[in-house]
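The values are calculated or read from the model by the stated rules, or taken from the named source; none is laboratory data. The model shown is predicted, which means the values in this text are computed figures rather than measured ones. Glycine also receives a Cβ, built like all others from the backbone with ideal geometry; neighbour counts cover every protein chain displayed. The area values use the complete protein model at the heavy-atom level, side chains included, leaving out ligands, DNA and RNA. Shrake-Rupley method; radii C 1.70, N 1.55, O 1.52, S 1.80 Å.
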Amino acid sequence: MEIDFLVIGSGIAGLTYALKTAQANPAAQVIVVTKSDENESNTKYAQGGIAVVLNKVEDSIEQHIQDTLRAGDGLCDEEVVRVVVEEGIERFHELLQWGANFDKSEAGEFILGREGGHTVNRVASHKDITGYEIERALLNTIHNTSNIKLLTHHFVIDLITDHHLQKRSVTLGEETTCYGAYVLDYKTGDIKNIAAKVTLLASGGVGNVYKNTTNPTIATGDGIGLAYRAKAWVKDMAFIQFHPSALYQDKEGQRFLISEAVRGAGALLKTKQGERFMLKYDERGELASRDIVARAIDTELKISGDDYVLLDCSGINETTFKTKFPNIYHHCVDLGIDIFKKGIPVVPAAHYLCGGIQTDLTGRTTLKNLLACGECAYTGLHGANRLASNSLLEALVFAHRCAETATAINQETGPIPSVPPWEDEGLTIPGEKVLITHFRKEVQSVMSDFVSIVRSDKRLQIASRSLEVLYSEINELYRISKLSLELGELRNLVSVAYAIVEQSKEQRENRGVFFNRDLETH
Ligand code: SIN
């Protein structure tokens with residue numbers, strides 16, 4: 001298959017880019033490859049919303065910039081912050097034109113919520129299912145765009161680079177070009193080589209390197225695994241954001257999110273004994289930035305030995321809660337949680353990767369013709385800790401910039417060289433899946449026990465040694481097996497875990513979400 005634009009991922013970043021690229025290049029063909037159903041992505045589970053300056057009386061671009069820089073704890077790229085905050089306003093209005101609905105008052109003003117680290121109400125939302133609504137609107141528009149094709153239940157095995165064309169290994173830092181990707185249709189077992197002039201990685205987050213995450217099970221760091229193996233630069237992987245308030249349940253896996261907007265509406269964090277504790281840690285209390293709140297909860301849980309803290313919602317009017325947070329309300333009620341009398345049991349859970357595939361302001365990675373945006377990309381916006389609800393904004397702004405870059409590349413790029421087919425002659429389907437499930441659990445255990453909210457030099461050393469063994473076992477399994485979705489995901493998970501650990505060892509100062517108890521805080 002030979003096309004102009006290949007998009008990997010169908011969250012807000014991939015879909016926005018696909019639409020813009022298709023509209024700017026009506027004669028070109030855009031293919032969006034996505035691993036699961038068309039709307040399954042981290043975007044779909046975003047509750048809070050989009051941080052954007054819509055109220056120019058109480059808010060300002062400068063104030064949003066300052067809040068982002070403060071949350072990022074000195075590691076944001078200020079130029080990128082300015083670009084995202086300024087351009088985000090126009091991008092948000094485009095989203096409205098594509099049919100996304102955001103909550104408005106009877107007077108027709110956007111209702112703006114508050115989240116941690118914001119000094120004013122700035123978060124535009126669609127109740128507590130903002131991401132779901134965005135996906136609906138984007139997909140609806142895409143279904144009416146004839147030069148975009150969606151390939152669902154397709155898993156990208158590897159990017160096609162000079163390594164495949166010239167049959168030689170490629171080293172980090174060498175000029176390398178991306179020519180598309182090898183893609184597994186895991187329902188039929190077919191492997192397609194999709195050659196493309198421009199490839200975009202918009203494949204989302206890495207939450208499943210941990211046992212507990214707010215991310216769906218598909219968030220296995222695929223784009224980062226692909227980029228890492230293709231020798232693109234991957235940066236700031238040590239900065240994993242844990243969301244302070246995931247719903248506590250006595251089981252591992254995807255954790256239901258209790259949006260920070262609930263704290264923004266007045267909920268308080270308390271120990272099981274009913275003691276409010278956040279003011280001991282930060283004068284902003286429950287609305288301190290996420291790194292501070294998550295670490296405070298972690299500390300309290302270690303002191304008390306409890307499994308969770310409580311989010312006391314008794315200060316929020318019941319009708320207001322039901323109107324603003326219907327999804328959270330029904331989810332809790334279905335589980336028998338008495339939201340207003342007893343509070344919601346919550347714990348921190350892996351939520352967002354602040355680092356990722358390094359890009360410049362045009363969305364270019366260090367590989368020619370390979371772009372990245374959304375959670376899998378490191379643009380410099382988030383620094384050491386992402387400000388709440390800045391990620392959907394970043395995805396919109398960089399999807400637009402990537403579409404401009406891709407259009408320019410398409411115009412200046414000649415025919416794609418012929419791409420060799422995927423070679424799996426002689427490989428066999430593993431007779432049993434136990435090795436894959438075991439290795440996946442082992443990676444998650446190592447990361448959850450040693451590379452979580454609080455790290456130490458010793459824990460990182462143990463994690464590094466364990467992952468080296470796992471890495472070589474998994475590679476050996478990959479070398480002799482026909483590829484399956486589960487094996488491909490495992491290969492990506494171990495690559496991402498390894499990058500997180502190695503970059504955590506290199507990080508010698510505590511900043512934002514990164515905390516190693518053997519280091520000084522700057
Ligand atoms: C939330 O609703 O608390 C999550 C929003 C975000 O991660 O930015």
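Principal-axis analysis of the Cα atoms of the chain puts helix 391-412 at an angle of about 20° to the longest axis. With every protein chain in place and a 1.4 angstrom probe, the accessible-area ranking of 4, 37, largest first, reads 37, 4. Each eigenvalue of the Cα gyration tensor of the chain, multiplied by 5 and square-rooted, gives one semi-axis; in descending order these are 36, 28, 21 Å. Taking a cut-off of 18 Å between Cα atoms, list the lysines near residue 441, but don't count ones fewer than 8 places away on the same chain. In chain and number order, the partners are 211, 251, 433.
The heavy atoms of residue 340 offer some 40 square angstrom of accessible surface to a 1.4 angstrom probe. Return one whole number: the accessible area per residue of region 120-177 in Å², for a 1.4 Å probe. Here the residues of region 120-177 average 42 Å² of exposed surface.
Largest accessible area first, the listed residues 352, 281, 498 line up as 281, 498, 352 when surface is computed with a 1.4 Å probe on the assembled protein chains. Cross-linked pairs 20/231; 270/302; 231/482: Cα-Cα separations exceed 18 Å for 20/231; 231/482. Compared with the direct C-alpha span, the chain from residue 330 to residue 93 gains 82.3 nm at full extension, assuming 0.36 nm per residue. DSSP beta bridges confined to the chain are antiparallel in about 55 percent of cases.
Residue 422 sits among other residues whose Cβ lies under 9 Å from its own Cβ, and their net charge, with Lys and Arg +1 and Asp and Glu -1, is -2.
Residue 209 contributes about 0 Å² of solvent-accessible surface, heavy atoms of the protein only, 1.4 Å probe. When 160, 111 are compared by accessible area of protein heavy atoms, the largest-first order is 111, 160, using a 1.4 Å probe. The overall shape of region 145-200, judged from the alpha-carbon gyration tensor, is oblate: a/c is not under 1.5, and a/b is no greater than b/c. Once a ≥ b ≥ c are taken as the square roots of the eigenvalues of the Cα gyration tensor of region 163-243, is the result rounded (a/c under 1.5), prolate (a/b larger than b/c) or oblate (a/b not larger than b/c)? Oblate, because a/c is 1.5 or more while a/b does not exceed b/c. Pairs of C-alpha atoms in region 1-52 farther apart than 14 Å represent 56 percent of all such pairs. Nearest 10 degrees, 0 to 90: what angle lies between the long axis of helix 78-97 and the longest principal axis of the chain (Cα atoms)? Roughly 90 degrees, rounded to the nearest 10. Among the GluC sites (Glu not before Pro) within region 95-140, those in coil by DSSP and having at most 13 neighbouring Cβ atoms inside 10 Å are 106, 109. Value of Rg to Rh for region 206-253, rounded to two decimals, is 1.05; Kirkwood radius and Rg both from alpha-carbon coordinates.
Excluding same-chain residues fewer than 8 positions from residue 127, which lysines have a Cα within less than 19 Å of its Cα? Cross-link targets: 44, 104, 322, 324. In order along region 509-522, the Karplus-derived 3J(HN,Hα) couplings, from 6.51 cos²θ - 1.76 cosθ + 1.60 at θ = phi - 60°, round to 8, 7, 8, x, 6, 8, 9, 10, 5, 8, 10, 6, 8, 4 Hz, and Gly and Pro are given as x.
Per-residue SASA remark: residue 394, around 0 Å² accessible (1.4 Å probe; ligands, DNA and RNA not included). Near residue 250: Cβ cut-off under 14 Å, other residues only, Lys/Arg at +1 and Asp/Glu at -1. The net charge is 0. Under a model in which nothing but the beta-carbon of Lys, Arg (+1) and Asp, Glu (-1) is charged, the chain shows a dipole of about 600 debye around its Cα centre. Restricted to Cα atoms, region 289-376 shows a radius of gyration and a Dmax of 19.4, 57 angstrom.
Of the residues 230, 271, 281, the one whose Cα sits farthest toward the positive end of the charge dipole of region 198-340, with +1 on the Cβ of Lys and Arg and -1 on the Cβ of Asp and Glu, is 230. Here is the P(r) of region 213-341: all C-alpha pair distances, binned every 10 Å from 0, give 11, 37, 32, 14, 6, 0 in whole percents.
Here the accessible area of the chain is 48 percent carbon and sulfur, with a 1.4 angstrom probe and all protein chains present.
Please say if region 72-165 is rounded, prolate or oblate, where rounded means a/c under 1.5 for a ≥ b ≥ c the square roots of the C-alpha gyration tensor eigenvalues, and otherwise the choice is prolate for a/b larger than b/c and oblate otherwise?
oblate
Seen against the Cα atoms of the chain and their longest principal axis, helix 457-480 is set at about 40 degrees. Taking other residues whose beta carbon is less than 10 angstrom from the beta carbon of residue 80, and scoring Lys, Arg as +1 and Asp, Glu as -1, yields -4. Divide the volume of the convex hull around the Cα atoms of region 285-433 by the residue count and you get 235 Å³ per residue.
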